[in-house]
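First the structure, in the form of C-alpha cells, and then the observations on it.
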Amino acid sequence: ICAASENGDDKKETLLFIQCSETQDSNFKVYDSRSEGDIIYGDPPNSRCSLEFKINSPAGCPVKAMATTDVESSEADSSMSIFWKVVIFLIIAFALYFVGGWYYNRKYRDLDGTDAIPNKQFWSEVPSHLRRGMMMSADKARELSGDIKEKMRSGSSYDDI
C-alpha cells in the first residue's frame, strides 16, 4: 500500500534480492529502500512506495565452474554413468553369445555358415515380431486417441455408469 504524492509523481517499485548463503532463511526481510536499512515487520506504512525484499538462500549462489586442475572433479567427469556401463555390458554379452554359440555349433554340432548361428530361427523371426508389435501398438494408440476425441466432442470428461 503506497500513498501517492499530490502531483502523482511517486513511482512504486518492489525489488527482490536473493543473497548467497549456505543456509536458507525462512522468511523475506522487508526494507524501505528510501531510508538506510530500516527493517519493516508487518505491513509497511502508507508513506513508503519503494520496498526491498531480501532473503538469504543457497539459490542465490553462483554455480561453480568445473575446474580442470581439480583432480577430484576431473575424475568424476571422466567416469561413465551407469546407463553406459549397462549398454557396454549388454553389447559384450550379446557378442559373446553369438561368438560362443557359433563356435559351439561348429565344433560340437558340425554346422557350417549361417546354420551355425545360435537360435537361427528365432533371430530370423525377430523382424516380423517387431513389425507386428509396432502395428499393434499403433492400432491401440489410434483406438485410445479416438476414445479421447469422442469424449471431448461429447463435452463430458466422465464415463457413463
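Odds and ends about this structure:
- Check on V87, open to solvent by less than 50 Å² (accessible area, probe 1.4 Å) and either in contact with a His (Cβ under 6 Å, 6 or more places away or on another chain) or at pLDDT below 80 (or both): no
- Matching residues in the range 110-135 - criterion: being in contact with a helix residue (DSSP H, G or I) (Cβ under 8 Å, 6 or more places away or on another chain) and among the charged types (D, E, K, R): D112, D115, K120
- Across the range 14-51, the number of residues qualifying as over 30 Å from V63 (Cα atoms) and either at pLDDT 75 or above or touching a Pro at 6+ places or on another chain (Cβ under 6 Å) (or both) comes to 0.
- Flag not set for D77, criterion: modelled with pLDDT of 75 or more and either of a type outside the set (D, E) or farther than 30 Å from W123 by Cβ (or both).
- Residues located in the range 99-124, provided they are loosely packed, with under 11 Cβ neighbours inside 10 Å and in contact with an Asp or Glu (Cβ under 8 Å, 6 or more places away or on another chain): none
The values are calculated or read from the model by the stated rules, or taken from the named source; none is laboratory data. Small disclaimer: the values here were computed from a predicted structure and weren't measured. A quick note on method: Cβ atoms are made from the backbone with ideal geometry, for glycine too, and the neighbour counts reach across all protein chains shown. Each accessible area value is taken on the protein alone, full model and side chains, heavy atoms only, with ligands, DNA and RNA left out. Shrake-Rupley method; radii C 1.70, N 1.55, O 1.52, S 1.80 Å.
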